[in-house]
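Enquirer: Below are the structure tokens for one structure; questions will follow.
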Amino acid sequence: MFRIVLALVCLFVSVEGASTPRPLADISVPTPDGKSIRLTQYRGKVMVISLISSTCDHCLASMELLGKFQKEYGPRGFQAFAVAADDMAAKMVGPLTRVRQPGFPLGYLDQNTTMQLCDFKRDDHPFVPMYLFVDKKGTVRFQYSGNEDFFKSEEKNTRILIEALLKQ
């Protein structure tokens, strides 16, 4: 019962300014191998898209956590995806992928496309990492910025939401 209550609390808290629920933006994310991955190709899976900075220690720890969840929940229809969106992202994603080997796709975006993905306005200044929780129908259900209470219990809260979305 406690987990259900906690899940409901988590489900109703999201980044100010970003509207949820909303359709996942139909964008392609460049990857270090020169290809692009269209996020909507994962429709039918539960996704956590992590917006990161390639030089943020918390972001790198979050990538490790998502790698753990990819191994655990991947067979049940889960897909993790990380997007670097800092000024050095295009240059840093290749080395970051080789060193960290996240076990899921890692790409990069420019500022305008990042704002489209995360439903930002020019005046918004969110903290990274940021998580977008996407249901099987391709709807962004929840979005959390790195400075929110959600990240104080990141592993527990992320697990609760992934499991809840997988049950839908």
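The values are calculated or read from the model by the stated rules, or taken from the named source; none is laboratory data. Keep in mind it's a predicted model, so treat the numbers as computed, not measured. When we count neighbours, we look across all protein chains shown, and the Cβ atoms used for this are built from the backbone with ideal geometry, even at glycine.
Enquirer: Can you tell which of Val29, Val83, Val48 is in a strand (DSSP E or B), touching a residue at least 60 places away in the same chain (Cβ under 8 Å) and farther than 16 Å from Ile162 by Cβ?
Expert: When all the criteria are applied, what remains is Val29.
Enquirer: Show the residue pairs that are 6+ apart or on different chains and have beta-carbon atoms under 8 Å apart, the first residue being within segment 34-45 and surrounded by 11 or more Cβ atoms within 10 Å (Cβ to Cβ), the second being in a helix (DSSP H, G or I).
Expert: If the second residue must be in a helix (DSSP H, G or I), the pairs left are Leu39/Leu117.
Enquirer: Does Phe127 satisfy the criteria of being of a type in the set (Phe, Trp, Tyr) and part of a loop (DSSP other than H, G, I, E, B)?
Expert: It is true that Phe127 is of a type in the set (Phe, Trp, Tyr) and part of a loop (DSSP other than H, G, I, E, B).
Enquirer: Count, please, the residues in segment 1-25 that happen to be assigned to a loop (DSSP other than H, G, I, E, B) and at pLDDT 95 or above.
Expert: Selection size over segment 1-25: 3.
Enquirer: Which one of Phe120, Phe133, Phe69 is modelled with pLDDT under 90, over 22 Å from Pro32 (Cα atoms) and under 16 Å from the mean Cα position of the chain (by Cα)?
Expert: Matching residue, one of Phe120, Phe133, Phe69: Phe120.
Enquirer: Mind checking whether some residue in segment 95-107 is modelled with pLDDT under 85, of a type in the set (A, V, I, L, M, F, W, C) and over 22 Å from Gly44 (Cα atoms)?
Expert: Checked against the condition, which is being modelled with pLDDT under 85, of a type in the set (A, V, I, L, M, F, W, C) and over 22 Å from Gly44 (Cα atoms), segment 95-107 yields at least one hit.
Enquirer: Pull up segment 56-66, narrow it to residues that are more than 12 Å from the chain's Cα centre (by Cα) and of a type in the set (A, V, I, L, M), then point me to the one that is modelled with the highest pLDDT.
Expert: The qualifying residue modelled with the highest pLDDT is Ala61.
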